[in-house]
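Written below as structure tokens is the structure these notes are about.
The values are calculated or read from the model by the stated rules, or taken from the named source; none is laboratory data. Owing to the predicted nature of the structure, the values given are computational and were not obtained by experimental measurement. Reconstructed Cβ throughout: ideal geometry from the backbone, glycine too, with neighbour counts over all protein chains shown. Heads up: the accessible areas ignore ligands, DNA and RNA and are worked out on the full protein's heavy atoms, side chains in. Shrake-Rupley method; radii C 1.70, N 1.55, O 1.52, S 1.80 Å.
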Amino acid sequence: DITDRKEMEARVTQQAEELQKQNKQITDYFVNISHDFKTPLTIILLSIDLLEQNVCTAKNIAVMKQNCYRLGRLILNLLDIAKIDAGHFEPNWEFVDIIKQIQYLIESVSQYVENKNLKIKSNFSHKEMYICSDSFIIERIILNLLSNAIKYTNSGGQITVTCFISSDKVTLSVKDTGKGIPADKKEMIFNRFAQVNSSSHSFVDCGIGLALTKSLVESLQGKIWFESKEGVGSDFFVELPILNLSQSIKTTDYTAAQYNRRIQIELSDLPN
């Protein structure tokens, strides 16, 4: 009876195929990330060449600045992924008016929305709500979801941001009428080594964006999920608990300049 041996051989073959698939994903990941670093560097060098030829325009400077932000965003994401993997990433707990912050971020992306001829709507269950969280992490989560919604929604489409608060949690939704996610690609959305690439849909940043977003949400003891239908749109949900932490925690105040710089970095892949 060689049944056990056959079953073992089948398991070994399956494991080998899975390892080969994972190895290809990791190889593709580093190829893509090399390309993502190379592209803005090439653009910056071309702009510097123009400056050396005394062809200095505001547009050249704006292009260099945006691509410096793109590089900064890539590096920041990679460093945070490394910190999270090493267990060295901790939120800076503070009191945050979640409603005010979301409203500010929606206003901050309005120019990008208008440039693509999109509409953005919002719906909030409360006028204000202070929760114990990390405003910088919340900002990155929301901007990543808004950025993806803007990228993958065609001209004339709509983005809807909702925030509902119950006694113990905050539920945020960013819904778009964009291209949607193919059914056979949904399982890889939060996998940092996988990308969705097809003629109808692609994710940039080597898949880091949503993989990092998931890790950031989980660092706040929350969870993230999505609903999507190809050709109809996607709806990403983030649920954050309302934590009862020490009342000694302070509310951190950020200047407009700090906010604007971070927003430019997070949205550096979108055309101005």
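The table that follows gives values for the structure above.
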item: In the range 99-133, the residues that are outside any helix (DSSP H, G or I), over 29 Å from Glu230 (Cβ atoms) and open to solvent by 10 Å² or more (accessible area, probe 1.4 Å); result: Phe124, Ser125, His126, Lys127, Glu128, Met129, Tyr130
item: Extreme residue, least open to solvent (accessible area, probe 1.4 Å), among residues of the range 232-265 that are under 16 Å from the mean Cα position of the chain (by Cα) and modelled with pLDDT under 80; result: Ile263
item: Test set (1) closer than 20 Å to Ser268 by Cβ; (2) without any contact (Cβ under 8 Å) to a residue 60 or more places away in the chain - Leu105 fails condition number; result: (2)
item: Sole exception among (1) open to solvent by 50 Å² or more (accessible area, probe 1.4 Å); (2) without any contact (Cβ under 8 Å) to a residue 60 or more places away in the chain; (3) not charged (D, E, K, R) for Asn92, by number; result: (2)
item: Qualifying residue in the range 66-73 (condition: free of Cβ contacts under 8 Å to residues at least 60 places away in the same chain and out of contact with any helix residue (DSSP H, G or I) (no Cβ under 6 Å at 6 or more places or on another chain)); result: yes
item: Every residue from the range 134-181 that is at pLDDT 90 or above, of a type in the set (S, T, N, Q) and surrounded by fewer than 17 Cβ atoms within 10 Å (Cβ to Cβ); result: Asn154, Ser155, Gln158, Ser166, Thr171
item: Residue tally, condition over 16 Å from the mean Cα position of the chain (by Cα) and either within 27 Å of Thr213 (Cα to Cα) or in a helix (DSSP H, G or I) (or both), over the range 51-81; result: 13
item: Within the range 134-187, tally of residues that are polar (S, T, N, Q) and within 13 Å of Glu227 (Cα to Cα); result: 2
